[in-house]
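Asks: Dropping a structure here in structure tokens format, bear with me for questions.
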Amino acid sequence: HLTESGGGLVQPGGPLRLSCVGPGSSLDSLVISWFRQAPGKEREAVSCISGRSGTTRYVNSVKGRFTISKTIGDNTVYLQMDSLRPEDAGIYYCATSYYLPLNDIWYEGDFDTWGQGTQVTVSS
């Protein structure tokens with residue numbers, strides 16, 4: 001079971017940090033991904049991290065603006081989002097898998113445990 005938090009309303013250009021909490025130390029052996037879904041759109045990948053190696057992946061639209069992080073032994077994954085844009089708005093979900101994507105493209109079907117999501121609104 002995963003629990004996201006940290007969403008809210010932020011002005012364009014502002015920062016926001018999301019958290020994803022998992023049970024115990026299980027996240028150390030998993031790949032944790034953030035996805036987002038805007039109204040009327042399909043859920044899309046944002047960023048992921050290997051809990052074991054710390055290897056990260058980012059989709060092109062967030063590279064240089066978002067940072068995913070996790071500390072070994074910590075059951076929380078963070079997504080630091082800077083320079084937010086209106087198109088970054090949506091419900092952000094975290095999810096887990098045993099497999100790290102080979103490149104910067106991956107899909108929700110590759111992940112099997114999901115949180116309930118946290119809403120991010122980017123508006124002035």
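Asks: Go through (1) within 13 Å of the chain's Cα centre (by Cα); (2) part of a loop (DSSP other than H, G, I, E, B); (3) of a type in the set (D, E, K, R) and name the single condition GLU42 misses.
Replies: It fails just one condition, (1).
Asks: Let me ask something else. Given (1) open to solvent by 40 Å² or more (accessible area, probe 1.4 Å); (2) part of a strand (DSSP E or B), identify the lone condition not met by TYR93.
Replies: It fails just one condition, (1).
Asks: Separate question: Is it true that ALA45 is touching a Phe, Trp or Tyr at 6+ places or on another chain (Cβ under 9 Å) and within 18 Å of VAL120 (Cα to Cα)?
Replies: Considered against the rule, which asks whether it is touching a Phe, Trp or Tyr at 6+ places or on another chain (Cβ under 9 Å) and within 18 Å of VAL120 (Cα to Cα), ALA45 comes out as yes.
Asks: Any idea which of (1) within 13 Å of SER50 (Cα to Cα); (2) assigned to a strand (DSSP E or B) is the one VAL120 doesn't satisfy?
Replies: The failed condition is (1).
Asks: Which of the residues belonging to the stretch 45-63 are open to solvent by 80 Å² or more (accessible area, probe 1.4 Å) and modelled with pLDDT of 95 or more?
Replies: ASN60, LYS63
Asks: Every residue in the stretch 1-44 that is more than 20 Å from GLU87 (Cβ to Cβ) and open to solvent by 30 Å² or more (accessible area, probe 1.4 Å), please.
Replies: Listed by number, the residues that qualify are HIS1, THR3, SER5, VAL21, PRO23, GLY24, SER25, SER26, ASP28, SER29.
Asks: Looking only at the stretch 108-124, which residues are surrounded by 13 or more Cβ atoms within 10 Å (Cβ to Cβ) and over 12 Å from GLY7 (Cα atoms)?
Replies: Within the stretch 108-124, GLU108, ASP110, PHE111, THR113, TRP114, GLY115 meet the criteria.
The values are calculated or read from the model by the stated rules, or taken from the named source; none is laboratory data. Small disclaimer: the values here were computed from a predicted structure and weren't measured. Methodologically, a virtual Cβ is constructed for each residue, glycine included, from the backbone with ideal geometry; neighbour enumeration extends over all protein chains shown. For the accessible areas, the whole protein counts, side chains as well, though only heavy atoms, and no ligand, DNA or RNA atoms are used. Shrake-Rupley method; radii C 1.70, N 1.55, O 1.52, S 1.80 Å.
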